[in-house]
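Asks: Take a look at the following structure, please.
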Amino acid sequence: MDFESKEILISYSDQYRDDYYVYLIVYLDQKISQKIPINKRGFLLREPEWRELGIKLFKGWLNYDVHYPDPYILFFRKRIDQRIQEKKKQQTK
């Protein structure tokens, strides 16, 4: 499977956030999810592993959860820089 066809088979949710993290859900086509090693299915993937599947995210994103009934749904989060949050709060005052 070439790289371009991987892109078509991966979709990304809109980002959502709380006070500490930005979150994102990645949906893999079942063809791509079959490339996850059997011993890693249902477990968290390290960055080199999810990048190997063709998932494209900026640095800093972590796979923090898997939807166990559907291991092709992966949950990611990225810590919000608190210094940036403080600056935004000060600017709105």
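The values are calculated or read from the model by the stated rules, or taken from the named source; none is laboratory data. In this text, all values refer to a predicted model and were calculated from it rather than measured experimentally. So basically every Cβ, Gly included, is an ideal-geometry build from the backbone, and we count neighbours across all protein chains shown.
Asks: Is there any pair linking a residue in segment 73-89 that is at pLDDT 70 or above to one that is among the charged types (D, E, K, R) and part of a strand (DSSP E or B), with Cβ under 6 Å and at least six apart or on different chains, and which?
Replies: Correct list of pairs: F75/D65.
Asks: For segment 23-67, how many residues meet the condition of being within 13 Å of R77 (Cα to Cα) and modelled with pLDDT under 90?
Replies: 1
Asks: Scan segment 16-34 for residues that are surrounded by 13 or more Cβ atoms within 10 Å (Cβ to Cβ) and not in a strand (DSSP E or B) and jot them down.
Replies: Residues satisfying the conditions are D29, I32, S33.
Residue by residue, here is whether (1) β-branched (V, I, T); (2) over 17 Å from L9 (Cβ atoms) holds:
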{"site": "Y27", "(1), (2)": "no, no"}
{"site": "Q34", "(1), (2)": "no, no"}
{"site": "L45", "(1), (2)": "no, no"}
{"site": "E52", "(1), (2)": "no, no"}
{"site": "I55", "(1), (2)": "yes, no"}
{"site": "F58", "(1), (2)": "no, yes"}
{"site": "N63", "(1), (2)": "no, yes"}
{"site": "P71", "(1), (2)": "no, no"}
